[in-house]
Amino acid sequence: MKKQSVVRGAAASPYLVWSLLFIVAPLLFVLWFAMTDRNGSFTFENLRSLTSYSQTFVMSVGFSLIATAICLIIGYPLAYCMSRASARARNILLVLLMLPMWISLLIRTYSLMALLDNGGLVSSFLVRLGFRKLTFIGTEGAVILGMIYDFLPYMVLPIYTSMTKLDVRYVEAAADLGCNGIRTMFKVIVPLTVPGIISGVTMVFVPSISTFYISQKLGGGSFDLIGDTIERQFQNAVTYHTGAAISLVMMILILISLAIMNKFSDGGEDIVV
């Protein structure tokens with residue numbers, strides 16, 4: 001037993017070192033700079049100054065929630081159709097879903113700009129058809145669309161994985177008990193795939209609330225989200241501590257969101273037919 005413990009400890013040591021260096025240490029640095037001033041003295045002034053960024057926090061959370069909800073509405077039926085497709089069709093759909101993820105987020109965002117810009121391909125096409133010129137870049141809708149476009153695969157894949165592991169005997173039992181397709185979906189399939197839903201919501205919400213490049217390019221500088229504000233604060237040594245305070249608050253918001261979602265997932269697998 002002692003030998004096995006030593007082997008397990010040795011195998012886990014690289015991960016522990018990695019976690020200490022690149023997870024724990026950066027978090028401690030953020031906490032230190034958030035709670036100190038330029039002279040290294042302890043202060044709450046950095047946190048008090050965040051009241052001026054309340055609108056930015058509300059807007060970031062709102063955009064992230066909207067993008068996550070739309071990704072779930074689109075991603076759940078897509079994952080269901082993929083799980084019910086034949087093996088060949090399933091592989092093709094997986095490749096098509098993963099293909100954009102092989103391209104850098106930078107290139108994907110620029111491509112979306114080329115399509116939706118005021119003089120882009122979509123706008124030019126609409127003008128030729130006799131419609132008004134499209135003005136989309138620089139709006140809230142463009143930023144939300146960018147989040148959906150970039151993070152939709154992160155919603156689909158966990159739900160698809162949960163559905164492929166679903167025991168079809170539950171669906172057959174629901175049919176034997178008189179459930180129609182809609183009741184089977186909401187009484188059996190959805191409760192059994194709650195872990196996949198929670199994973200997908202987490203994987204979309206967290207990068208959405210912390211993104212900055214999408215909002216900069218598709219938002220056209222019309223407004224700032226949390227990620228934009230943090231980037232700007234860290235570019236200036238004078239406001240470095242304020243940026244750390246914003247990062248600390250954002251980490252707390254993310255942890256609270258994860259705790260709430262995990263709470264819902266604890267009892268999410270109960271089936272009531």
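Nothing in this text is a laboratory measurement; each read-out follows from the coordinates by a stated rule. Computed from a predicted structure; not experimentally measured. Backbone-built Cβ (ideal geometry, glycine too); neighbour counts: all protein chains shown.
Just so you know, the Rg over Rh for region 37-114 is 1.25, from Cα atoms, with Rh as the Kirkwood radius. Cut-off 10 angstrom, C-alpha nodes, Gaussian network model of the chain. Which of Ile23, Ile137, Ile159 fluctuates the most? Ranking Ile23, Ile137, Ile159 by mean-square fluctuation puts Ile23 first. The HN-Hα couplings worked out from phi for region 104-113 by the Karplus form 6.51 cos²θ - 1.76 cosθ + 1.60 (θ = phi - 60°) are 4, 4, 4, 5, 4, 5, 5, 5, 5, 5 Hz, whole numbers, x standing for Gly and Pro. Other residues lying with their Cβ under 11 Å from the Cβ of His241 contribute a combined charge of -1, Lys and Arg counting +1, Asp and Glu -1. Rounded to the nearest 20 debye, the dipole magnitude of the chain is 600 debye, with +1 charges on Lys and Arg beta carbons, -1 on Asp and Glu beta carbons, and the Cα centre as origin. Based on alpha-carbon atoms, the Kirkwood radius and the radius of gyration of the chain give Rg/Rh equal to 1.05. Using a 10 angstrom cutoff on alpha carbons, build the Gaussian network for the chain and name the most mobile of Phe131, Phe42, Phe63. Answer for the Gaussian network model of the chain: Phe131. Here the label points at Val190 and Leu20, each 7 Å from Cα along the C-beta direction, are separated by 4.7 nm in the simple model.
For Thr36, nonlocal amide neighbours, meaning residues 5 or more places apart or on other chains whose placed amide H falls under 5 Å from its own, are Thr43.
Please find, in a Gaussian network model of the chain (springs between Cα atoms separated by less than 10 Å), the residue of Gly227, Gly120, Gly181 whose mean-square fluctuation is greatest. Most flexible of the set in this elastic network: Gly181. Its Cα gyration tensor gives region 103-200 an equivalent ellipsoid. The semi-axes, each the square root of 5 times an eigenvalue, are 41, 17, 10 Å from largest down.
Taking Cα centroids, how far is region 149-212 from region 90-122 in Å? A separation of 24 Å, based on Cα centres. Ordering Ile252, Ile144, Ile74, Ile246 from the fewest to the most neighbouring beta carbons within 10 Å gives Ile252, Ile74, Ile144, Ile246.
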